[in-house]
Every structure is written in C-alpha cells, then in structure tokens.
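Below is one structure, written out as structure tokens; comments come after it.
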Amino acid sequence: MTDLAARLEGVGKSYPHFILKDLNLELPTGSVTGFIGRNGAGKSTTIRILMGLVHHDRGSVTVLGQAMPMRQAAAKRDMGFVSEDMRLYKAATLAWHMEFIQSVFPTWDQAYADTLMKRFDLQAAHPIKGLSHGQRVKAALLLALARRPKLLVLDEPTTGLDPVARHEVLAALMEAIADESRTILFSSQNTLDVEQISDQITFIDKGRIVESGNKEEFLDRWRRFRLDVPRGASVPVLPGTMGPGVNPPGSRLNVVVTNRFEMSMVAAYQAAGITVQAIEPLTLEEIFVTTVMSKKEGATQ
C-alpha cells in the first residue's frame with residue numbers, strides 16, 4: 001500500500017514549555033493508525049497540525065493531496081474529526097445538527113445516518129443538552145461518519161464511555177473502515193481499543209515518535225522471557241533485551257523482555273545454563289510502557 005492519505009515530514013512546533021521535534025508520520029490510505037502517548041506527549045498538537053488548526057514551525061504536511069495549512073479548506077471537505085470533548089449546540093437537537101451538516105457537505109449519507117441512530121440508540125428529536133456523555137460522543141461520531149469522510153481523525157473518542165458504549169463505537173468504526181479507501185487516525189490512551197481496531201501503531205513521547213510500524217509485526221517481535229537462573233549465574237545480554245543482567249541474590253527467577261524475538265535466543269540462554277520457563281507475548285500497553293521506559297533509561301542494548 002503505497003498511497004498515502006496524509007504525510008508529516010520533519011514537522012516541528014515550539015512552545016515555551018513543549019517542543020514537537022522532527023516528527024515523521026505517514027497514514028497509508030485504507031489504514032487505521034493507532035496513535036498512542038501519555039498526556040502531554042504531543043498527540044493533540046500533532047492532530048491540530050494535521051487538521052490545519054495549528055501552523056507548524058518546521059517541516060511539511062500533506063493531507064489528501066493538499067499542502068497544509070494553506071490548502072486546509074480543500075482537505076477538510078473530505079476529513080472528519082471526533083473528540084471526546086467535542087462541543088455540540090446544547091439547545092439544538094440531533095436532527096438540527098444533521099440538517100446543518102447535510103447543508104454543508106454534499107457527501108452526507110442520510111440512510112447511513114439513520115442506521116447509526118438505531119445502532120447508537122439515539123433519537124433525532126432529542127436536544128443535545130439531554131444526552132449523556134456517551135450519547136454525545138456517539139452523536140458526534142454519527143455526524144462525522146455519515147459524511148463518508150476519506151480521512152477520519154479521532155482524538156480520544158472512547159474516553160469516559162461505559163463498556164457497552166465503547167463496544168458500539170468500536171463496532172461502527174470497524175464498519176467504517178470496511179471500505180479500504182477510508183483512513184483513520186485513532187489517538188488514544190486506551191491501548192486495548194487501539195489494539196482491537198488498528199493495523200498500524202505509532203508511539204509518541206515527549207514530542208518525538210519513539211516507535212512506528214505494522215501492528216502484527218510489532219506484537220510479533222516483542223516477548224517476555226521468564227528464566228530460571230542458577231545462583232551466581234549471569235544472564236547473557238542479547239540484542240534488543242531489557243531486564244536484569246545478573247541474578248538477584250536469593251532468587252532464581254529473572255525476567256527479560258526483548259523487542260527482537262528469535263527462537264535462537266532460547267538456545268543462547270540454555271547454553272549459559274539457564275532454563276527458559278516461559279515465553280510470553282506482551283500487550284500493546286506493556287510494549288508502550290517498556291518502550292518509553294527504555295528510551296528514558298537507555299536500557300535497550
């Protein structure tokens with residue numbers, strides 16, 4: 001897949017207390033990119049630059065073939081945006097919002113909007129002020145999806161939702177990406193949601209991209225080794241491993257994590273007299289935490 005819905009190249013933005021540093025990010029057409037980072041890592045700044053809401057100081061940004069921010073009006077005709085704190089007009093009904101969006105965007109699909117209303121258990125005649133937080137998020141998602149955007153940008157859309165509402169939102173997103181020409185950037189701290197629907201993963205921390213790649217390849221190369229180490233023995237330092245190198249006094253259990261898993265590593269541990277008790281996959285959350293901590297501590301060998 002060589003076609004790109006968006007590309008940020010060498011992008012930088014400086015604030016008094018935060019710097020986005022030489023950010024490179026590609027969103028292949030038809031992909032779902034999970035954008036993961038802590039609060040203050042730079043996720044929202046990146047999204048604002050992508051949307052043309054903030055002007056970058058350095059680098060270049062292209063969205064749907066349009067240079068940003070100069071051509072943002074053309075790009076936004078085919079972009080949708082949903083945030084958990086998105087503000088709708090409280091006194092107006094959902095029907096009013098749908099009619100307004102339909103008057104602006106000719107791609108509006110009323111039949112799809114009706115389908116989403118039933119799925120989300122929403123009523124067109126209800127004023128926004130009478131909706132719960134979860135219902136407001138689902139209403140905002142409906143307004144974005146029914147436009148059939150080519151690029152959908154989601155900024156923490158499932159934050160604060162109960163499990164049922166989260167399931168409904170994720171199911172609608174999965175349906176929205178069934179068309180391989182549609183692209184989604186899904187920014188979230190909820191790694192379980194990201195892992196469920198994304199096929200590309202990007203980690204950001206302190207204004208820098210620290211890891212990025214295909215999700216399945218990403219998960220496949222990370223493992224946790226649980227080792228039975230004889231007293232006084234040293235654990236071989238293998239490429240890509242993170243963890244104790246010397247067996248702690250009074251303990252035979254040693255845990256090592258690697259981001260370059262190969263079966264040959266088992267033979268290397270066995271040759272050192274170490275028993276490999278278990279080899280376990282890591283969750284996306286564990287990978288994110290380990291990656292950030294290893295960058296911080298310089299622990300990766």
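The values are calculated or read from the model by the stated rules, or taken from the named source; none is laboratory data. All values reported here derive from a predicted model rather than from experimental measurement. We place every Cβ from the backbone using ideal geometry, glycine too, and count neighbours over all the protein chains shown. Surface areas here come from the heavy atoms of the whole protein model, side chains and all, with no ligands, DNA or RNA. Shrake-Rupley method; radii C 1.70, N 1.55, O 1.52, S 1.80 Å.
A few points about this structure:
- Single unsatisfied condition, Arg148 versus (1) closer than 21 Å to Gly30 by Cβ; (2) outside any loop (DSSP other than H, G, I, E, B); (3) out of contact with any helix residue (DSSP H, G or I) (no Cβ under 6 Å at 6 or more places or on another chain): (2)
- If you go through the stretch 255-284 and pick out every residue that is free of Cβ contacts under 8 Å to residues at least 40 places away in the same chain and in contact with an Asp or Glu (Cβ under 7 Å, 6 or more places away or on another chain), you end up with 0.
- Close contacts from the stretch 183-198, counting a first residue that is touching a residue at least 24 places away in the same chain (Cβ under 8 Å) and a second that is aromatic (Phe, Trp, Tyr) and not in a strand (DSSP E or B), with Cβ to Cβ under 9 Å and a gap of 6+ residues or different chains, come to Thr191/Phe288.
- Residue among Ser234, Ser198 that is assigned by TED's automatic domain parsing to the domain that holds Asn259, more than 30 Å from His17 (Cα to Cα) and among the polar types (S, T, N, Q): Ser234
- The set of residues from the stretch 109-127 being more than 28 Å from the chain's Cα centre (by Cα) and closer than 17 Å to Ala91 by Cα comprises Gln123, Ala124, Ala125, His126, Pro127.
- Any chance Gly273 is at positive phi, surrounded by fewer than 19 Cβ atoms within 10 Å (Cβ to Cβ) and modelled with pLDDT under 90: no
- Test result for Leu161, crowded, with 19+ Cβ neighbours inside 10 Å, outside any loop (DSSP other than H, G, I, E, B) and either β-branched (Val, Ile, Thr) or modelled with pLDDT under 95 (or both): no
- Residues of the stretch 148-173 classified as of a type in the set (Lys, Arg) and over 17 Å from Gln189 (Cα atoms), total: 2
- Of all the numbered requirements in (1) open to solvent by 40 Å² or more (accessible area, probe 1.4 Å); (2) closer than 26 Å to Arg48 by Cβ, Thr191 misses one, and that requirement is (1).
- Sole residue being basic (Lys, Arg) and surrounded by fewer than 19 Cβ atoms within 10 Å (Cβ to Cβ), chosen from Arg182, Arg148: Arg148
- When we screen Ala91, Ala73, Ala113, Ala125 for residues that are under 22 Å from Leu145 (Cα atoms), in contact (Cβ under 8 Å) with a residue 24 or more places away in the chain and open to solvent by 30 Å² or more (accessible area, probe 1.4 Å), the only hit is Ala125.
- Some residue of the stretch 236-253 being modelled with pLDDT under 85, touching a Pro at 6+ places or on another chain (Cβ under 8 Å) and open to solvent by 30 Å² or more (accessible area, probe 1.4 Å): yes
- Some residue of the stretch 216-233 being in contact (Cβ under 8 Å) with a residue 40 or more places away in the chain, in contact with a Phe, Trp or Tyr (Cβ under 9 Å, 6 or more places away or on another chain) and farther than 30 Å from Gly273 by Cα: no
- In the set (1) modelled with pLDDT of 95 or more; (2) within 28 Å of Leu50 (Cα to Cα); (3) over 28 Å from the mean Cα position of the chain (by Cα), the condition left unmet by Pro106 is number (1).
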